[in-house]
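Encoded as structure tokens, the structure appears first; notes follow it.
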Amino acid sequence: MTRDSRMKNILVTGGAGFIGSNFVRLALSRLPDCRLINLDKLTYAGNPGNLVDIQDDPRYRFVQGDICDAALVAELFADEQIDTVVHFAAESHVDRSIDGPAEFIQTNIVGTFTLLEAARQAWLVNAAVAGDKRFLHVSTDEVYGSLGETGMFTETTRYDPRSPYSASKASSDHLVSAYFHTYGLPTVITNCSNNYGPYHFPEKLIPLIINNALNGKDLPVYGDGKNVRDWLYVVDHCTAILTVLHQGGVGETYNVGGNNEKQNIEIVQTVCDILDQKVGPLPSGEPRRSLIRFVKDRPGHDRRYAIDAGKIAAELGWKPSVTFAEGIVKTIEWYLANPDWVAAVVDGSYQEYYRQMYAGR
Ligand code: NAD
Ligand code: TYD
């Protein structure tokens, strides 16, 4: 039994960010009978320009606002008769969490609490909305800490977050779990590995390297470059979320990953080689690998992440469909085809454009 027929009004938080915008686009195409309400504060990472192609869809509504704003969130639950929450909104960059953890505590922990409390009030206390509800919390494999040379994270791996980012996500996961056990809120959690693909903000490794390599800038590789991440193409993450929304068990956790473990240095070299093939070497004639610079390591840098996605495969039949070899080429082609998007997010001009646009509403 799937929830398709009962899922009508979906509150997506953080839908103007990287994964959220890919999800909104996919969900509108796959769920023709649903409305999507995208609540996004538009921090530096949120860009409604990620969704220009669907912004006029009558089933889509954008609301600029903060998930920590309890009155606004309660109003949305009531006005829109929300029956499903897909919660992406977060501060998401580990390096920023090291430089300034306060926003991570506020949005990732207090913001998640605010949403949970609004869902509890609307669905369990006031019980104004009939039918089957779901609160899907989008989380990360980073809550499990760091692996050695072997082993994989499973849903039962002990939480051991190391960065302010992962600690704030771990805290939010615990709150979600507590709302299930204490109040019976119908929650489900997904813990996913590193995503890559279109609309990825160029502060994260892959888009940063693509952009710098294209522009002949240094390619900073932290430490010895041998840290390992398990990469998943973003659209595969979004199909996993849809699968969990339809079939996932209430109170369950599902690990999501691509089974694509790569050392950072391999990723950087691959991006350089693909760009050399597609646009030619640097103006100096040198290959782009010549731009690689090993720089000071990130403090507390987790050595290796690897996801065992066996549970979601066995129980819900989800598997990734894009290999890393395919996905990285698609991603690079997207960045080559969208230089205006990259320029606007790198210089921040998109923020002023949308600030003016929403100021008038
Ligand atoms: P992102 O930084 O690209 O986007 C975050 C979005 O949240 C932005 O649109 C931002 O404006 C919005 N936002 C931030 N604070 C807000 C607030 N207080 N109120 C409302 N909106 C707010 O992040 P992403 O990479 O798309 O990640 C989305 C979610 O997925 C996060 O919860 C993250 O922890 C999780 N996740 C990310 C990855 C990854 O590789 N990027 C992997 C696993 C899980
Ligand atoms: P990142 O994209 O920030 O994701 P996360 O820290 O959430 O895994 O970083 C991915 C890996 O790349 C991580 O091991 C840190 C490394 N890294 C670099 O070596 N150089 C960079 O400039 C960045 C941003 C990351």
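What to note about this one:
- Kirkwood Rh, angstrom, the chain [1 / mean 1/r, Cα pairs]: 20.9 Å
- Applying 1/(1 + (r/R0)^6) with r as the Cβ-Cβ distance of residue 293 and residue 52 and R0 = 45 angstrom yields a FRET efficiency of 0.80.
- q = 0.17, 0.24 Å⁻¹: log10 I(q)/I(0) that the Debye formula gives for region 36-107, counting C-alpha atoms only: -0.74, -1.20
- Fraction of alpha-carbon pairs over 16 Å apart in region 155-201 - percent: 53 percent
- The alpha-carbon atoms of region 215-279 define a convex hull whose volume equals 131 cubic angstrom per residue.
- Taken per residue, the accessible surface of the chain reaches 41 Å², heavy atoms only and a 1.4 Å probe.
- Convex hull (Cα only) mean projected area of region 5-48, reported in nm² to one decimal: 2.8 nm²
- At R0 = 22 Å, FRET efficiency that the Cβ-Cβ distance of residue 313 and residue 6 yields, to 0.05: 0.30
- Using the Cβ-Cβ distance between residue 347 and residue 265 with R0 set to 22 Å, the FRET efficiency works out to roughly 0.15.
- If the segment from residue 95 to residue 279 were pulled out straight at 0.36 nm per residue, it would be longer than the present Cα-Cα gap by 63.2 nm.
- The equivalent ellipsoid of region 238-316 has semi-axes of 38, 18, 9 Å, largest first, where each one is the square root of 5 times an eigenvalue of the Cα gyration tensor.
- Of the trypsin sites (Lys or Arg not before Pro) in region 146-193, the ones in a loop by DSSP (not H, G, I, E or B) with at most 15 other beta carbons within 10 Å are 158.
- More than 18 Å apart - percent of Cα-Cα pairs taken over region 1-122: 50 percent
- Normalised by 2.2 N^0.38 Å, where N is the number of residues, the C-alpha radius of gyration of region 89-222 stands at 1.25.
- Separation of the residue 182 and residue 59 label points, Cα + 7 Å toward Cβ, nm: 3.6 nm
- Per residue of the chain, the DSSP helices (runs of n ≥ 4 H) give a summed -39500 (n - 2.57) that works out to -12000 deg cm²/dmol at 222 nm.
- Length-normalised contact order for region 58-196 - Cα pairs under 8 Å, 6+ apart - percent: 30 percent
- Relative to the current alpha-carbon distance between residue 301 and residue 338, full extension at 0.36 nm per residue lengthens the span by 10.2 nm.
- Within the same chain, lysines fewer than 8 places from residue 319 are excluded, and of the rest, those with a Cα less than 23 Å from its Cα are 262, 311, 330.
- Placing +1 on the Cβ of every Lys and Arg and -1 on the Cβ of every Asp and Glu, with nothing else charged, gives the chain a dipole about its Cα centre of roughly 180 debye.
- The Cα center of region 43-99 and the Cα center of region 126-192 differ in position by 19 Å.
- Counting only protein heavy atoms and a probe of 1.4 Å, the accessible surface of region 208-328 is 48% carbon and sulfur.
- For region 149-291, the fraction of alpha-carbon pairs in successive 5 Å shells from zero, as %: 2, 8, 14, 17, 17, 13, 10, 8, 5, 3, 2, 1, 0
The values are calculated or read from the model by the stated rules, or taken from the named source; none is laboratory data. All values reported here derive from a predicted model rather than from experimental measurement. Methodologically, a virtual Cβ is constructed for each residue, glycine included, from the backbone with ideal geometry; neighbour enumeration extends over all protein chains shown. Heads up: the accessible areas ignore ligands, DNA and RNA and are worked out on the full protein's heavy atoms, side chains in. Shrake-Rupley method; radii C 1.70, N 1.55, O 1.52, S 1.80 Å.
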